[in-house]
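**Q** Got a structure for you, written out below as structure tokens; questions coming shortly.
What follows draws every value from the coordinates through simple rules; no lab data is involved. Quick caveat: nothing in here was measured; it's all calculated off a predicted structure. Cβ: placed from backbone, ideal geometry, glycine included. Neighbour counts: every protein chain shown.
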Amino acid sequence: MLIQLPEISIQKIETRDQPCLRFTFRNKFTEQAAIAGTKVWNEELNKHPECTYQFIWDCTEMTGFEISARREWYKYMAIHKHRISRVTTISGNIMIRSAAKVMLELFGIPCKTEKPLISRRNRIQRF
């Protein structure tokens, strides 16, 4: 685990292809959490300048975000956009999935959005 706070945790996952950072967002994403989180993943990417990374943004437990937190996140996305090969965003909230998709399109980073597995299971069970 690279960091664990009430609003965000970041875990490095080794895959065969390339390193992957899994971000788990909880509750409202604050500017303070964004500053702490971006510091950690910025340092991780700077330690391995030869690598590109995949990101997983698990926003299943995220309730929203402060605009200032998004601005902070943008700063570091701009710095590292060429080092991020793909971002998968997981959220049951269409507004959060849409905000992530717009951000990633702005930086030209390929993205995939998914609903959480639990919500998909619930939809299947209703039929």
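**Q** Once R0 is set to 25 Å, what does the formula 1/(1 + (r/R0)^6) return for the Cβ-Cβ distance between T63 and K115, expressed as a FRET efficiency to the nearest 0.05?
**A** It comes to 0.95.
**Q** Long-range amide H contacts for F65: which residues qualify at under 5 Å (H placed 1.01 Å from N, peptide plane, sequence gap of 5 or more or a different chain)?
**A** The list, which skips near neighbours in sequence, is F29.
**Q** Oh, and also: Taking other Cβ within 10 Å of each residue's Cβ, how do C20, C59, C51 sort, fewest first?
**A** So the ranking, lowest neighbour count to highest, is C51, C20, C59.
**Q** Find out how many positive minus negative residues lie around T63, taking Lys and Arg as positive, Asp and Glu as negative, among other residues whose Cβ is under 9 Å from that of T63.
**A** Spelling it out: positives minus negatives among the neighbours equals +1.
**Q** Next question, about the same structure. With θ taken as phi - 60° and the coefficients 6.51, -1.76 and 1.60, list the Karplus ³J(HN,Hα) couplings across the range 27-37 in order, rounded to whole Hz; mark glycine and proline as x.
**A** Using θ = phi - 60°, the values come out as 6, 7, 7, 9, 4, 4, 5, 5, 4, 5, x Hz.
**Q** Of all DSSP beta bridges in the range 3-126, what percent run antiparallel (nearest 5)?
**A** Percentage antiparallel, nearest 5: 30.
**Q** Nearest 10 degrees, 0 to 90: what angle lies between the long axis of helix 67-80 and the longest principal axis of the chain (Cα atoms)?
**A** For helix 67-80, the angle is close to 50 degrees.
**Q** Would you mind pulling out the separation of the Cα centroids of the range 63-86 and the range 25-51, in Å?
**A** Taking the Cα centre of the range 25-51 as reference, the centre of the range 63-86 is 9 Å away.
**Q** If I fit a long axis through the Cα atoms of helix 117-126 and take the longest principal axis of the Cα atoms of the chain, what angle between them do I get, 0 to 90°, rounded to 10?
**A** Here the helix axis deviates by roughly 10 degrees.
**Q** Just one of (1) 1.04; (2) 1.19; (3) 1.30 is Cα Rg over 2.2 N^0.38 Å calculated from these coordinates, so which is it?
**A** Matching the structure shown: (1).
**Q** Among E66, E14, E31, which one moves the most in a GNM of the chain with springs linking Cα atoms closer than 10 Å?
**A** Result for the chain, Cα springs under 10 Å: E14 fluctuates most.
**Q** Treat the count of other C-beta atoms within 10 Å as a stand-in for reagent exposure and order R16, R71 from fewest to most.
**A** With the fewest neighbours first, R16, R71 line up as R16, R71.
**Q** With each pseudo-label sitting 7 Å past Cα toward Cβ, what's the K75-T15 distance in nm, one decimal?
**A** My value for the distance between the label points is 2.9 nm.
**Q** Lys and Arg at +1, Asp and Glu at -1: add these up for the other residues within a Cβ distance under 13 Å of F25 and post the number.
**A** Overall, the nearby charge balance is +1.
**Q** Under 13 Å from the 7 Å Cα→Cβ point of L5, by amide nitrogen: which residues of the range 12-51?
**A** Taking a point 7 Å out along Cα→Cβ of L5, the residues of the range 12-51 whose backbone N falls under 13 Å are 24-42.
**Q** Among the listed pairs K39/K101; K12/K39; K47/K101, which have their C-alpha atoms separated by more than 20 angstrom in this model?
**A** The answer is K39/K101; K47/K101.
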